[in-house]
Amino acid sequence: MPALDWAILAGCGVVGTIVAKRLRIPAAVLIGPMLLSAVLHVVGVTQATPPSLLVAVAQVVMGTGIGCRFAGTAVRDIVRIVGISIGSTVILLVLGVLFGVGLEQITGVPWFVLVLAYAPGGLAEMSLVALALGRDVAFVATHHIFRIGFIVILAPLAFRLMRRTGRM
């Protein structure tokens, strides 16, 4: 990747974080750089993507950080949470398939691409599956980016509203 593209992506990380923090956007370190990078990609300033190795290292670091939060958690609590997670995943996958099949009739987009776009999974993982199937990665990734943004921005607002109204 050319040095200019490295500088642009690094700049998105730094400037995006600073701007998002000043605007008090939730998860500023994630949302700010992602939005700034999206804008620069859409307007054609760069088409660069981070190297796969860098993305893999970032995922390992984030996964390790999340995993460390489980230190000291009782095994029965983890088993209960895993059970709930599996149940939620099955429900979401069934709903994703049903919506995918239904929306295929309306949009003409293959149902399995729609399932990838709506499936409960990570942006990178679902995009890689779409890439492996030779399908529209941008379509799948865009849906996941909007889902992530929607959750990260609106969930904290919903919790604040619930606290104010005494429902939490």
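Coordinate-derived values only; no laboratory data. Note that the structure is a prediction, hence the values are computed from the model and not measured. In this analysis, Cβ positions are derived from the backbone assuming ideal geometry, glycine residues included, and neighbour counts consider all displayed protein chains.
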| query | Roughly what would the spin-label model give for residue 147 and residue 163, points 7 Å off Cα along C-beta, in nm? | reply | 2.8 nm
| task | Please work out the ratio of the alpha-carbon Rg of the range 1-71 to 2.2 N^0.38 Å and round it to two decimals. | result | 1.24
| What value, in deg cm²/dmol to 500, does the helix sum -39500 (n - 2.57) over DSSP H runs of n ≥ 4 give at 222 nm once divided by the residues of the chain? | -26500 deg cm²/dmol
| field | Highest-fluctuation residue, 62, 34, 126 considered, GNM on the chain with Cα pairs under 10 Å | value | 62
| request: In a Gaussian network model over the chain where Cα atoms closer than 10 Å are linked, find which of 152, 45, 137 has the largest mean-square fluctuation. | output: 45
| field | Mean Cα-pair separation over length for the range 21-168, i.e. relative contact order, pairs under 8 Å, 6 or more apart, % | value | 17 percent
| query | With a Cα-only, solvent-free Debye model of the chain, what are the log10 I(q)/I(0) values at q = 0.09, 0.17 Å⁻¹? | reply | -0.42, -1.35
| Note, ³J(HN,Hα) from phi for the range 117-123, Karplus 6.51, -1.76, 1.60, rounded to Hz, x at Gly and Pro | 5, 9, 5, x, x, x, 4
| said: Can you give the longest run of the chain that contains no trypsin sites (Lys or Arg not before Pro) sitting in a DSSP loop with at most 15 other Cβ atoms inside 10 Å? | reply: 70-166
| request: Multiply the residue gap between residue 68 and residue 4 by 0.36 nm, knock off their C-alpha separation, and tell me the result in nm, one decimal place. | output: 19.5 nm
| Where does the range 122-162 land on Rg(C-alpha)/(2.2 N^0.38 Å)? | 1.49
| said: Which residue, 111, 72, 42, has the largest displacement toward the positive end of the dipole of the chain when charges sit on each Cβ (Lys, Arg +1; Asp, Glu -1)? | reply: 72
| remark: One finds, for residue 42 and residue 90 with R0 = 25 angstrom and r their Cβ-Cβ distance, a FRET efficiency to the nearest 0.05 of 0.10
